[in-house]
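The values are calculated or read from the model by the stated rules, or taken from the named source; none is laboratory data. Treat the numbers as computed from the prediction; the structure is a model and nothing was measured. Methodologically, a virtual Cβ is constructed for each residue, glycine included, from the backbone with ideal geometry; neighbour enumeration extends over all protein chains shown. All accessible areas refer to the heavy atoms of the entire protein, side chains included, with ligands and DNA or RNA removed. Shrake-Rupley method; radii C 1.70, N 1.55, O 1.52, S 1.80 Å.
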Amino acid sequence: MKPNNKTKLTGSESIVVASTLFGLFFGAGNLIFPVLMGQMAGSNVWQASLGFIITATGLPLLAIAAIGKTHSEGLFDLASKISKKYAYFFTVALYLTIGPFFASPRTASVSFEVSFATAGFVDSPLALLIYSAIFFGIALALSLRPSNIMDYVGKFLNPIFLIFLAIIFVKAFTMPEISVADVAPVDTYVNQSLFQGFLEGYNTMDVLAALAFGIIVIRSIRKLGINEPSTIANETVKSGLFTAILMGLIYICLGILGAKSRGFIDVQENGGVALSMITEHYFGTAGSILLALVMIFACLKTAIGLIVACAETFEELFPNVLSSKAWTILFAGISFLVSNVGLTSIISLSTPVLMFLYPLAISLVILALCEPIYTSKKVYQWVTGLTMFAALFDLIKTLPSGLYNLVSGDAIGAFASQLLPFYDYGFGWLLPALIGLVIGIFLTERDKIKGKI
């Protein structure tokens, strides 16, 4: 048999990869954050959208490219370049974040708030309890009995959802209502819209998802006959450009939709409520029902994927501790409990964790992409160590008020503001990461001179 040494994907194969990337990154939860961002950014929505697109689209694409370029077999393998202990820590922290602690519970709370925001039930703890019990009961049943049902549903959901979204955009953008230029930005979007949009993109958790599930995309490219790591990375980026452009356009439109909604509603507590009210405004009850059905099924599909992925990962990381079935039940149960704190609280509680994990993820991706230029375990370790140190300050800065006051957040913040450039913008980790890079390179070259490498 003739060996398959392809150097690039065909046009149709690139579309397959692009479709896989879109399915991986774009979930129902991604809709709510740009809408709220648009409401708050107002006339600065363009700058905010640019920042959002970088973290919600560009960085996830680079994360998958990094896995392909280093020929890693997944997150644990990539993080092991720092150390095995760190790989366990980072993998567990990342999967718990995109799994039972935040992202998985969010699937229930997002679909609940979007579905019932205009029905008067959104503030009812009992309604949320009943809904989340049914939601995760179905998710658990399907997670324990793998079926193609949700895959078939997913094939129809994306086209229906995109068509429905396009109709909302056309309706909103052709209505003679308030102009985006006339909407005053609020809070940090007044003077820091680009940086705040960048940080808002953290909430999608797509960089974390890319590190966790990027190997799925890499394997699909390998099956198509591409085996050279650098070629895999290049083809990932090339094929992903279509996805990035599509998602970028959707995010921009959602941001504008949110900004224009200020003409008939105030800034809402979260994007789920805002999106529901916007749909109700333009299409009445029928539109709200259609949006609710699509969101429920989309979120259910995402929840099943997250629960199964986390269960399989923990069974691999900790063999003989629990069975896959037990891990599945445990994670579904935790997701159910956490979902009942409500969407706004979940977002608030997840922000400090994301402010801590994202710098670690970004630095890991950048180092992996730079590997052909310079490879060194000491570089990985020093960059990661100093990034982690600085990221702790970002974590403290975004703690809920009770915890923030408990740890003397004002005093710590004042110290960090003096110590770390760009800390006030949410990028206090940049200089420490660069210092770690310099130290790592110096120590590596020193060891080379001494003959240790």
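Annotation note: of Leu199, Leu224, the sole residue that is hydrophobic (A, V, I, L, M, F, W, C), within 28 Å of Thr20 (Cα to Cα) and at pLDDT 85 or above is Leu199.
Number of residues in segment 219-245 that are assigned to a loop (DSSP other than H, G, I, E, B) and open to solvent by 30 Å² or more (accessible area, probe 1.4 Å): the value is 3. Do you know which residues across segment 98-118 are within 22 Å of Ala286 (Cα to Cα), open to solvent by less than 10 Å² (accessible area, probe 1.4 Å) and of a type in the set (A, V, I, L, M)? Across segment 98-118, the qualifying residues are Ala108, Val110, Val114. Considered as a group, the residues in segment 261-270 that are open to solvent by 20 Å² or more (accessible area, probe 1.4 Å) and outside any loop (DSSP other than H, G, I, E, B) include one that is farthest from Gln47 (Cα to Cα), and that residue is Gly263. Check off (1) closer than 30 Å to Ala79 by Cβ; (2) aromatic (Phe, Trp, Tyr); (3) surrounded by fewer than 19 Cβ atoms within 10 Å (Cβ to Cβ) for Tyr251 and give me the number that stays unchecked. The one condition Tyr251 does not meet is (3). For the condition modelled with pLDDT of 90 or more, over 16 Å from the mean Cα position of the chain (by Cα) and of a type in the set (A, V, I, L, M), Val267 qualifies. Just one of the listed residues (Gly305, Gly248, Gly225) is under 30 Å from Ile15 (Cα atoms), touching a Lys or Arg at 6+ places or on another chain (Cβ under 6 Å) and not charged (D, E, K, R), and it is Gly225.
Of the residues making up segment 179-191, at least one is in a helix (DSSP H, G or I) and buried (at least 23 other Cβ atoms within 10 Å of the Cβ).
Determine which single condition Thr57 fails, assuming it passes every other condition in (1) surrounded by fewer than 21 Cβ atoms within 10 Å (Cβ to Cβ); (2) more than 23 Å from Ser345 (Cα to Cα). With respect to (1) surrounded by fewer than 21 Cβ atoms within 10 Å (Cβ to Cβ); (2) more than 23 Å from Ser345 (Cα to Cα), Thr57 is out only on (1).
Residues in segment 318-327 that are out of contact with any Phe, Trp or Tyr (no Cβ under 7 Å at 6 or more places or on another chain) and part of a helix (DSSP H, G or I): Ser324, Lys325, Ala326.
Yes or no, residue by residue, for (1) touching a Leu at 6+ places or on another chain (Cβ under 9 Å); (2) part of a helix (DSSP H, G or I); (3) more than 30 Å from Leu62 (Cα to Cα):
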| residue | (1), (2), (3) |
| --- | --- |
| Phe297 | yes, yes, no |
| Glu316 | no, yes, no |
| Ile329 | yes, yes, yes |
| Gly333 | yes, yes, yes |
| Leu364 | yes, yes, no |
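Is there a residue in segment 343-361 that is more than 19 Å from Leu420 (Cα to Cα), part of a helix (DSSP H, G or I) and free of Cβ contacts under 8 Å to residues at least 24 places away in the same chain? Looking for residues that are more than 19 Å from Leu420 (Cα to Cα), part of a helix (DSSP H, G or I) and free of Cβ contacts under 8 Å to residues at least 24 places away in the same chain, one finds at least one in segment 343-361, hence yes. Counting only residues that are modelled with pLDDT of 85 or more, polar (S, T, N, Q) and surrounded by fewer than 24 Cβ atoms within 10 Å (Cβ to Cβ), segment 271-308 holds 0 of them.
So that you can scan it fast, the table gives a plain yes or no per residue for (1) touching a helix residue (DSSP H, G or I) at 6+ places or on another chain (Cβ under 7 Å); (2) in contact (Cβ under 8 Å) with a residue 24 or more places away in the chain; (3) under 27 Å from Pro352 (Cα atoms); (4) of a type outside the set (D, E, K, R):
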site: Lys81; (1), (2), (3), (4): yes, yes, yes, no
site: Gly99; (1), (2), (3), (4): yes, yes, yes, yes
site: Arg106; (1), (2), (3), (4): yes, yes, yes, no
site: Ser115; (1), (2), (3), (4): yes, yes, no, yes
site: Phe136; (1), (2), (3), (4): yes, yes, yes, yes
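Take the conditions within 17 Å of Leu354 (Cα to Cα) and either part of a helix (DSSP H, G or I) or modelled with pLDDT of 90 or more (or both) and apply them to Ala65. Does it pass? Criteria not met by Ala65. Just one residue in the set Ile256, Ile216 is touching a Leu at 6+ places or on another chain (Cβ under 8 Å), more than 24 Å from Phe136 (Cα to Cα), of a type outside the set (Ser, Thr, Tyr) and assigned to a helix (DSSP H, G or I); that residue is Ile216. Of all the numbered requirements in (1) within 25 Å of Phe331 (Cα to Cα); (2) at pLDDT below 90; (3) assigned to a helix (DSSP H, G or I), Val122 misses one, and that requirement is (3). Out of curiosity, is Ile373 modelled with pLDDT of 90 or more and either touching a Lys or Arg at 6+ places or on another chain (Cβ under 7 Å) or of a type in the set (A, V, I, L, M) (or both)? Considered against the rule, which asks whether it is modelled with pLDDT of 90 or more and either touching a Lys or Arg at 6+ places or on another chain (Cβ under 7 Å) or of a type in the set (A, V, I, L, M) (or both), Ile373 comes out as no. If you check Leu165, Leu194 for being open to solvent by less than 40 Å² (accessible area, probe 1.4 Å), of a type outside the set (Asp, Glu), part of a helix (DSSP H, G or I) and at pLDDT 80 or above, only one passes: Leu165.
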